[in-house]
Amino acid sequence: AQTVTQSQPEMSVQEAETVTLSCTYDTSESDYYLFWYKQPPSRQMILVIRQEAYKQQNATENRFSVNFQKAAKSFSLKISDSQLGDAAMYFCAYSPYNFNKFYFGSGTKLNVKP
Amino acid sequence: NAGVTQTPKFQVLKTGQSMTLQCAQDMNHEYMSWYRQDPGMGLRLIHYSVGAGITDQGEVPNGYNVSRSTTEDFPLRLLSAAPSQTSVYFCASSADWMAGNEQFFGPGTRLTVL
């Protein structure tokens, strides 16, 4: 089975600052999908951003962007201009190219300080 | 649209009891799945279904049964609850099984087995 590793159990950032959450994964496939999901205290899982492995361009969604390094099998999430509402657990997930099964990392808890 | 709904939100069982966690979606999605979330481990796939009448096992299927008689509903049954099944359970759905589709999650059920 594929493994997804998030090595930062918890991080803190000052409001309006930038923070980067790390994610690495293990796969022998050349094509796949990667996701970042946000889980606020309400427990609701919300899609933040999605990246297709065969696309070289890093995905961007407003203040959220990724740094996708395929050779290094790294998929980090950058949050710019952090807001109090960004405080949540963030999960990195991998999906193989041929089926919509998700493999999740253990999560990073992000604290945002006013 | 209500999206993905789960009932109950909280449940306490005694060891050996059985129960069914309910999941329903109103988006006409073909693909549905069940995950469990344990502290420090992220979400792990229990069972999934690619359409009515078709189910298959995920990473951690032992102790759980599923069926899919309609497109909308995908209940998860615990036949004889064990303390190791204490967890938060999430149901998710996506348009189909094709890779890369966003999975929409329900609000979760927190289950405690004493």
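Each value in this text was obtained by applying a stated rule to the coordinates, not by laboratory testing. Bear in mind that the values here come from a model prediction, so they are computed numbers and not experimental data. Cβ: placed from backbone, ideal geometry, glycine included. Neighbour counts: every protein chain shown.
Numerical summary
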item: Label point 7 Å beyond Cα of residue B:102 along Cβ direction - residues of region A:54-87 with amide nitrogen under 17 Å; result: A:59-66
item: Under 15 Å, Cβ to Cβ, from residue A:2 - net charge with Lys/Arg +1 and Asp/Glu -1; result: 0
item: Lys, Arg +1 and Asp, Glu -1 on Cβ, resulting dipole of the protein assembly as shown about Cα centre, debye, nearest 20; result: 520
item: log₁₀ of I(q)/I(0) at q = 0.12, 0.21 Å⁻¹ - chain A, Debye sum with one point per alpha carbon; result: -0.38, -1.14
item: Computed magnitude of the charge dipole of chain A (debye, nearest 20; Cβ of K, R +1, Cβ of D, E -1); result: 140
item: For residues of A:44-50, the mean tally of beta carbons on other chains within 10 Å; result: 4
item: Partner chain coverage, peptide B:104-114 - average Cβ within 10 angstrom; result: 2
item: Cα coordinate range in the protein assembly as shown, projected on the principal axes (Å, largest first); result: 48, 38, 34
item: Efficiency of FRET between residue B:10 and residue B:38 - r from beta-carbon atoms, R0 22 angstrom, step 0.05; result: 0.85
item: Size of electric dipole in chain B: Cβ of Lys, Arg +1 and of Asp, Glu -1, about Cα centre, debye, nearest 20; result: 540
item: Listed residues A:80, A:44, A:7: farthest to the positive end of the dipole of chain A (Cβ charges); result: A:44
item: Coordinate range along principal axes, alpha carbons of region B:48-114, Å, largest first; result: 38, 22, 21
item: Most positive-pole-ward Cα, A:98, B:53, B:78, against dipole of the protein assembly as shown from beta carbon charges; result: B:78
item: Alpha-carbon Rg with Dmax, taken over chain B, Å; result: 13.2, 39
